[in-house]
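Here's the structure we're looking at; comments come further down.
Values quoted throughout were computed directly from the atomic coordinates according to the rules given, and no laboratory measurement underlies them. Predicted model, so just to flag it, every value in this text is computed and none were measured. Ideal geometry is used to build each Cβ from the backbone, glycine not excepted, and the neighbour counts take in all protein chains shown.
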Amino acid sequence: MRIGKLFEFENAHIVRFCSSKRCKTSIHGHSYKLELILYANTLDKAGMVYDFGLLKGNIKQIIDAFDHSTCVYKYDDLEYVNDIKKHSARWVELPCNISAENLSIVFFILISKILQNSKMHNDENVRVDKIRLNETRTGWAECEYDDAFYNDEPRINLNEITFSKAILEDFSDTNLFEKIKNNEIFINPKEV
């Protein structure tokens, strides 16, 4: 069975190497809509795939890290990258070009890691089935497991992702991202 939850965030970027002149030469923003679809082959003790209330914790915080921030491609022009970091408190540096496709892969990996390492009070068979990321009202990218993982290894190295200090300080646990990268266990609360 599957369930879905819609998240929204605002983000700016440049998409290098694309055909669209405006996209590859100018910083521009989008009102993103991220549809997270979870799957479980059995329902938990409450008759749910996953409690929607639990999505307000670590998963929402990771998505919110991209809200009102600028994504930069780690290997872009160094002067540009440093200027963004200098003039914006909220930025995310990624080891991939900042396309909707790559962002959907990043979210799939991050959220999968959180779920894989969450100790749940109900059954533990929930996983990310799909991420659909609307970049515009009419355009979207969709990511499934094989898009995000190859031989069970993430296609994007989490050690090459950097969140700005301002973003890290917004997490309820400032070590949240380090815990995700290190496969530390998250204990879901019994009540939210």
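May I ask you to compute the full-extension gain from LYS21 to LYS86, defined as 0.36 nm times their residue separation minus their alpha-carbon distance, rounded to one decimal in nm?
20.9 nm
Which whole-percent values make up P(r) of segment 79-132 when all C-alpha to C-alpha distances are grouped in 5 Å steps starting at zero?
Percent of Cα pairs in each bin: 4, 16, 19, 15, 16, 11, 10, 5, 3, 1.
Taking the DSSP beta bridges in segment 2-187 as the whole, what percent of them are antiparallel, to the nearest 5?
75 percent
Suppose every Lys and Arg Cβ carries +1 and every Asp and Glu Cβ carries -1, with no other charges. What dipole size does the chain come out with about its Cα centre, to the nearest 20 debye?
About 340 debye.
Helix 78-87 sits at what angle to the longest principal axis of the chain, using alpha carbons and giving 0 to 90 degrees rounded to 10?
70 degrees
Using the 10 angstrom Cβ neighbour count as an exposure proxy, how do LEU55, LEU43 rank, fewest first?
LEU43, LEU55
Once the Cα atoms of helix 100-116 and of the chain are each reduced to a long axis, what angle between those two axes, in degrees from 0 to 90 to the nearest 10, is obtained?
Relative to the chain, helix 100-116 is tipped by roughly 30 degrees.
Go ahead and estimate [θ] at 222 nm for the chain from helices alone: -39,500 (n - 2.57) per DSSP H run with n ≥ 4, summed, over the residue count, rounded to 500. Please report the intermediate quantities before stating the final value.
Numbers: 7 runs with 55 residues, N = 192.
Computed mean residue ellipticity for the chain: -7500 deg cm²/dmol.
Where both partners of a DSSP beta bridge lie in segment 62-169, what percent of those bridges are antiparallel, to the nearest 5?
Restricted to segment 62-169, the bridges split so that about 65 percent are antiparallel.
Testing the spin-label approximation: label points 7 Å from Cα along Cα→Cβ at HIS28 and VAL192. State their distance in nm.
3.5 nm
Lys pairs in segment 1-116, Cα-Cα under 26 Å, at least 8 apart or on separate chains: how many?
Close lysine pairs under the 26 Å cut-off: 28.
Using 0.36 nm times the number of residues separating GLU79 and LYS5, minus their current alpha carbon distance, what extension gain do you get? Could you put the intermediate results ahead of the total?
Details: separation 74, 0.36 × 74 = 26.64 nm, distance 3.80 nm.
Here the answer is 22.8 nm.
Would you mind calculating the gained length between ASP67 and THR136 on full extension (0.36 nm times residue separation, minus the Cα-Cα distance), in nm to one decimal?
23.3 nm
Restricting to DSSP loop positions (anything but H, G, I, E, B) with no more than 12 other Cβ atoms inside 10 Å of their own Cβ, which trypsin sites (Lys or Arg not before Pro) remain in segment 27-109? Provide the component values of the computation, followed by the final result.
Numbers: sites: LYS33, LYS45, LYS56, LYS60, LYS74, LYS85, LYS86, ARG90; in loops: LYS45, LYS74, ARG90.
Of the trypsin sites (Lys or Arg not before Pro), the ones in loops of segment 27-109 whose Cβ has at most 12 other Cβ atoms within 10 Å are LYS45.
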